[in-house]
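Below is one structure, written out as structure tokens; the observations come after it.
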Amino acid sequence: MAVKYVLSEKGNPQTPEVAKKWYATAKSSGELTFRNLSKEIAEGSTTVSDTDALAVLNELVKILSRHLENGEIVRFGDFGSFQIGIKSNGSETEAKFHPSLIKTSKVVFRPGIDLREMKNNLKFEKTQR
């Protein structure tokens, strides 16, 4: 199956005199909820119920959050790893830098080998908005 995309014309607000260009944006074809994920895990196993899988996934989110808040990289083996990334305004000197210059944070996910291979082998298909 192919990842669907739509095209949209966008200009650069910093240089409005430059011609607009067309860019692709991935279009989702649905979603998998946390509860449905736990059911799929349970269906693939004869020893785990969907309630058990849901309980483990809920605990996983709590533990992931706690370790990310502590500044740790959390590695999930072949699945990939998570860590916190930040963006800040600059200061003239190291001594003048203050944490208030940090503007945003995000969770950075680095996929493991299976997800990287999947990503590298994706097929794409244009669709309607």
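The values are calculated or read from the model by the stated rules, or taken from the named source; none is laboratory data. The structure displayed is predicted, hence computed values, not measured ones. Don't worry about glycine lacking a Cβ; one is built from the backbone with ideal geometry, like all the others, and counts go over all protein chains shown.
Among residues of the range 56-93 being farther than 27 Å from Met118 by Cα and surrounded by 13 or more Cβ atoms within 10 Å (Cβ to Cβ), the one that is nearest to the chain's Cα centre (by Cα) is His67.
Among the residues of this structure, Ala24 does not count as one that is more than 17 Å from the chain's Cα centre (by Cα), hydrophobic (A, V, I, L, M, F, W, C), part of a loop (DSSP other than H, G, I, E, B) and within 30 Å of Thr127 (Cα to Cα). Looking only at the range 94-129, filter to residues that are among the polar types (S, T, N, Q) and surrounded by 10 or more Cβ atoms within 10 Å (Cβ to Cβ); which one of those is farthest from Met1 (Cα to Cα)? Per the stated criteria, the residue is Ser105.
Applying a threshold of 6 Å to beta carbon distances and a minimum spacing of six or more residues, or different chains, the list of pairs starting in the range 66-78 at a residue that is modelled with pLDDT of 95 or more and assigned to a loop (DSSP other than H, G, I, E, B) and ending at one that is of a type outside the set (Ser, Thr, Tyr) and exposed (fewer than 13 other Cβ atoms within 10 Å of the Cβ) is empty.
Entry remark, the range 98-126: residues being within 22 Å of Phe82 (Cβ to Cβ), hydroxyl-bearing (Ser, Thr, Tyr) and either touching a Gly at 6+ places or on another chain (Cβ under 8 Å) or assigned to a helix (DSSP H, G or I) (or both) number 1 in total.
If the condition is being assigned to a loop (DSSP other than H, G, I, E, B) and either among the aliphatic types (A, V, I, L, M) or within 25 Å of the chain's Cα centre (by Cα) (or both), then the range 27-54 contributes Ser28, Ser29, Gly30, Glu31, Leu32, Thr33, Gly44, Val48.
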